[in-house]
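A quick write-up on the structure given underneath.
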Amino acid sequence: MKPTKSKGKTGKSKKTPAYQDRIDNPQNYGYVDNKNGSISTHRMGTAEVDGSFVAFPNIVQDPATGKLREFGDDKWKQALQWNMKNGNVKKFATESEALTYSKNYKTPEFGKYYADNKDVQALKQKYKPTKKKP
């Protein structure tokens, strides 16, 4: 999935990060298994880049294969680099805005989808997610 362009309030084009479709349409995408038995879809992070702030996922979808790739907690710099290269970041004016977004990026529909599918084992059988890479 490539970034798409949309027009903001100013009428100027702005890119929508590719990960946004995984938020808007969770039923079409997989997730990674966590060691504690839960699942993760994005695991958002933030960073300062050239004086502005960005939010980005530490779980990304490889555009070539469509499979999810998980960057571990100690690999956030590699995740940032990958996301910057692939246009998969959302920019913010302040650190506070980026942090708030990274903690509250899920839409009500996204939350409802996973709330309606609380039984992770049933969800795994229904959607047969991609396996995370080591």
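List of remarks:
- If the segment from residue 62 to residue 74 were pulled out straight at 0.36 nm per residue, it would be longer than the present Cα-Cα gap by 2.4 nm.
- Note on the stretch 69-109: Rg/Rh from Cα positions, Kirkwood definition for Rh, rounded to two decimals, is 1.00.
- Residue 40 paired with residue 27, simple spin-label distance in nm, labels 7 Å along Cα-to-beta-carbon: 2.7
Every number here is computed from the coordinates shown, using simple stated rules; none is lab data. The structure presented is a predicted model; accordingly, all values stated were derived computationally and were not measured. Neighbour counts run over all protein chains shown; Cβ positions are idealised from the backbone, glycine included.
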